[in-house]
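Asker: Provided herewith is a single structure, encoded as structure tokens, for subsequent inquiry.
The values are calculated or read from the model by the stated rules, or taken from the named source; none is laboratory data. All figures in this text were calculated on a predicted structure; none of them were measured in a lab. Note that each Cβ is placed from the backbone with ideal geometry, even for glycine, and that neighbours are counted across all protein chains shown. Heavy atoms of the whole protein, side chains included, go into the accessibility calculation; ligands, DNA and RNA do not. Shrake-Rupley method; radii C 1.70, N 1.55, O 1.52, S 1.80 Å.
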Amino acid sequence: MPACSSARRLAVLAVLLCGAMLFMLHHQTHPTSPPVTKHPAPTDAQNSTLGFSKILVLNTPARRDRLRNMQALARHHGLRFEYPGTVSRQEADRQAGSQGYLLEGTHLACYLSHLHALRHIVDHHVATALILEDDIDVEWDLKHLHAR
């Protein structure tokens, strides 16, 4: 793997972690936020959301093949996925020019899509969520492994 690609991945990960920390800090310092909706106990790894309140899948509209794969995966495992939408590379490039992001192209689109998913979680008062990308590689005995 080229060093440039590794550096970009680390940069994306660092930005995502910083965003998550800012989100948590904001959530702790704003007690007027509406109460979080109660959902099934997160210990039930055998349910349709693996114990999370929701499973969100990031799928770009251009990748219908990946959408079909995720739908097949959900059917096979009896899982319930939600698709909150993503930011296209073109939209990310427009935002990069106007807002001065350090990332660009598909890396910025990926970051903004994850940020959009986090906003979805906050806006819908989701207690717990698992965010997946549409190219995830999952074991066929996922629920058994997750229950351990």
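Asker: Could you list all residues from segment 66-82 that are modelled with pLDDT of 90 or more and not in a loop (DSSP other than H, G, I, E, B)?
Answerer: Hits for segment 66-82 are R66, L67, R68, N69, M70, Q71, A72, L73, A74, R75, F81, E82.
Asker: Let me ask another. Quick one: in segment 121-137, of everything that is open to solvent by less than 30 Å² (accessible area, probe 1.4 Å) and of a type in the set (V, I, T), which residue is nearest to P84 (Cα to Cα)? Reasoning before the result, please.
Answerer: Step one: of segment 121-137, the residues open to solvent by less than 30 Å² (accessible area, probe 1.4 Å) are 121, 126, 132, 134.
Going one step further and asking which of them are of a type in the set (V, I, T), we end up with 121, 126.
Values: I121: 9, V126: 13 Å.
Top of the filtered list is I121.
Asker: For the condition modelled with pLDDT under 80, hydrophobic (A, V, I, L, M, F, W, C), part of a helix (DSSP H, G or I) and more than 16 Å from L132 (Cα to Cα), what is the one hit in M21, M1? Steps first, answer last, please.
Answerer: Details: M1 fails: part of a helix (DSSP H, G or I).
Step by step, each of M21, M1 is checked, and only M21 is modelled with pLDDT under 80, hydrophobic (A, V, I, L, M, F, W, C), part of a helix (DSSP H, G or I) and more than 16 Å from L132 (Cα to Cα).
Asker: Just need a number here: residues in segment 87-118 that are in contact with a Phe, Trp or Tyr (Cβ under 9 Å, 6 or more places away or on another chain) and without any contact (Cβ under 8 Å) to a residue 12 or more places away in the chain.
Answerer: The qualifying residues number 1.
One line per residue, one yes/no per condition, for (1) closer than 17 Å to V126 by Cα; (2) touching an Asp or Glu at 6+ places or on another chain (Cβ under 7 Å); (3) open to solvent by less than 50 Å² (accessible area, probe 1.4 Å); (4) modelled with pLDDT of 90 or more:
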| position | (1), (2), (3), (4) |
| --- | --- |
| V57 | yes, yes, yes, yes |
| R64 | no, no, no, yes |
| P84 | yes, no, yes, yes |
| G97 | no, no, no, no |
| G100 | no, no, no, no |
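Asker: Looking at segment 76-86, can you tell me whether even one residue there is touching a residue at least 60 places away in the same chain (Cβ under 8 Å) and within 18 Å of the chain's Cα centre (by Cα)?
Answerer: no
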